[in-house]
Amino acid sequence: MMNQERQDVEQTEGQREAASNGLPIYFAKTLAGMERLLKDELIELGATDLVVVRRGVEFGADMPTLVRVCLCTRFAIRVLRPVLWFKADNTDALYEEATKWEWGSVMSSTATFAIDVTSHSEFFTHSQFATLRLKDAIVDHFRTSSGVRPNVDRENPDVRIHLHINQNQVTISLDASGRPLARRGYRPTGAKAPLSEVLAAGLLAKAGWKPGIPLYDPMCGSGTFTVEAALWADGYPIQWHRRKFAFMDWRGFDEEVWWDVRDDLKAERQLQESIIYTSDKDYGAVSQTRAALSNMELDGRAELGRSDFFKLIPRTDSGIVEINPPYGERMQVEDLDAMYSAIGDRLKSHWAGFSAWIISSDFDALKRVGLKHSSRETMYNGPLECRWVGFELYEGSQENKTAAVKSETTPIVVAAEEEVFTESMQESVSAVEEPAAAIEEVPVAESEVAPEAEAKIDVDVLVEKPKKPKSSKAAKS
Ligand SMILES: C[S@@+](CC[C@H](N)C(=O)[O-])C[C@H]1O[C@@H](n2cnc3c(N)ncnc32)[C@H](O)[C@@H]1O
């Protein structure tokens, strides 16, 4: 049963495991639109018997493969091990079935646990009540059999249980990782409107970025694109720093397997040279990105600088520029349409030879970019429906470029760039990063900057040269 696709996951445990030649079956959850990326990644990591479903992929894996998947996956949010399936159309039936199950096979009576729930059911309209009944079932099971009851710990449980209800089909799974794989742990607190780490990793892949291709992240915020790209280029598994996964507490887990897999991954590591140019007009955002890189021991793997995108000049002839501008949802902008129109104009006039990608939930503003897209896909940034739109910016004369990239159908709004961005244009680009208050002003409008002056700005913008990647890292052993 290789690489099938189907909409439901309603099989019995026996049917599933027979189909995977006796290997345990897992379910890797991902974001809508990233299922194919996850499937290909799982194949590379050694998973078998893959079945793509909405927002996830089922796969068969032995314990070494499970460890490898949990350490390496960039596209899975969680990896679940389904342990119990049954049909129930009310919470009492759920309780009855769950109490009967041999919970001692996966946890001890003194373990702490937490339950997450996802429910799409007209039978279970209050999913939190279903969670409560499952908790009662587990507690009562242990109390009856051993007189001791396990306790709930929402923050740091020994065992994380996932309850999935699809109409009357109930699936109970163990979370293999515990803390979600999506939370890599590098982001400093206080990030404004950040992308989820898994989404950023997916968008990089969907844009066709690979280590070696110059990458620009010119509205970096807390630097999620930058850190995900730097981690990819670094070649170590994305969870290399993490020492605790829930599967380590499962009965029968062999610690030897953990160390063997880590040794193999270390031997397989391939560091790839990559230049990543990262900037934001906000000083605090650049500092956050620097801290995030540092948290992953990736200091110096991106050229960091404070800069207004509308003054930035690419340092290479080609590459990929990924832009996550404000959407006007979590970050307010005075005139979003004008901003997006100015982004389009800037790409057109200064980024020929590049692939440019923009993610936004404001579809009207996206139209104002005024360039003909080569790719457009629906993605979700948390609850926000977004479009990830790609533009190929052709080489050629200014006139040809304009002709090539301007959409014939999309209305082109003439950007009042000088007016709209008067304030930000007066921010200077500082050769040494310093707090905004200390920034010297450049009293010229963007359109008045001579080419030589622009080149000077460009050099000044990027204040940190990337360090040569080290071939080995003692700290990472
Ligand atoms: C939605 S946030 C980016 C979030 C980022 N992707 C992350 O994961 O944290 C938008 C960023 O664009 C920056 N920005 C807005 N206008 C800009 C401009 N003209 N030049 C450079 N950065 C700009 C803001 O300072 C903000 O950090």
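The values are calculated or read from the model by the stated rules, or taken from the named source; none is laboratory data. What you see is a predicted model, and the numbers here were worked out from it, not measured in a lab. Methodologically, a virtual Cβ is constructed for each residue, glycine included, from the backbone with ideal geometry; neighbour enumeration extends over all protein chains shown.
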**Study point:** Trp250, sole failed condition from (1) over 24 Å from Leu304 (Cα atoms); (2) within 16 Å of the ligand (Cβ to nearest atom)
**Key:** (2)
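Residues that are of a type in the set (Gly, Ala, Ser), at pLDDT 95 or above, surrounded by 16 or more Cβ atoms within 10 Å (Cβ to Cβ) and assigned by TED's automatic domain parsing to the domain that holds Pro383: does segment 324-343 have at least one?
Within segment 324-343, one or more residues are of a type in the set (Gly, Ala, Ser), at pLDDT 95 or above, surrounded by 16 or more Cβ atoms within 10 Å (Cβ to Cβ) and assigned by TED's automatic domain parsing to the domain that holds Pro383.
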Review point. Give me the pairs: first residue in segment 364-379 and in contact (Cβ under 8 Å) with a residue 12 or more places away in the chain, second residue of a type in the set (Asp, Glu) and assigned to a loop (DSSP other than H, G, I, E, B), beta-carbon distance under 8 Å, and six or more apart or on different chains, which are they?
Key: Lys372/Glu408
Check your understanding: Counting only residues that are of a type in the set (Asp, Glu), assigned to a helix (DSSP H, G or I) and within 13 Å of the ligand (Cβ to nearest atom), how many does segment 208-242 have?
Key -> 1
Review point. Do we find a residue being within 16 Å of the ligand (Cβ to nearest atom) and surrounded by 23 or more Cβ atoms within 10 Å (Cβ to Cβ) anywhere in segment 165-173?
Key: no
Review point. Within segment 308-334, how many residues are away from the ligand (no atom under 12 Å from the Cβ) and among the charged types (D, E, K, R)?
Key: 2
Exercise for review: Return the total of residues in segment 133-152 being more than 38 Å from the chain's Cα centre (by Cα) and of a type in the set (Asp, Glu).
Suggested key: 1
Review point. For segment 225-252, which residues satisfy the criterion of being within 20 Å of Ala356 (Cα to Cα) and touching an Asp or Glu at 6+ places or on another chain (Cβ under 6 Å)?
Key: Phe225, Thr226
Practice item. Would you point out the residue of segment 174-202, among those that are more than 15 Å from the chain's Cα centre (by Cα) and surrounded by 22 or more Cβ atoms within 10 Å (Cβ to Cβ), that is farthest from the ligand (Cβ to nearest atom)? Key: Leu174
Practice item. Report the residue count in segment 173-188 for those that are more than 16 Å from Phe75 (Cα to Cα) and out of contact with any strand residue (DSSP E or B) (no Cβ under 7 Å at 6 or more places or on another chain). Key: 3
Point to revise | Residue satisfying condition, being within 16 Å of the ligand (Cβ to nearest atom) and of a type outside the set (Ser, Thr, Tyr), within set Gly300, Gly305 | key: Gly305
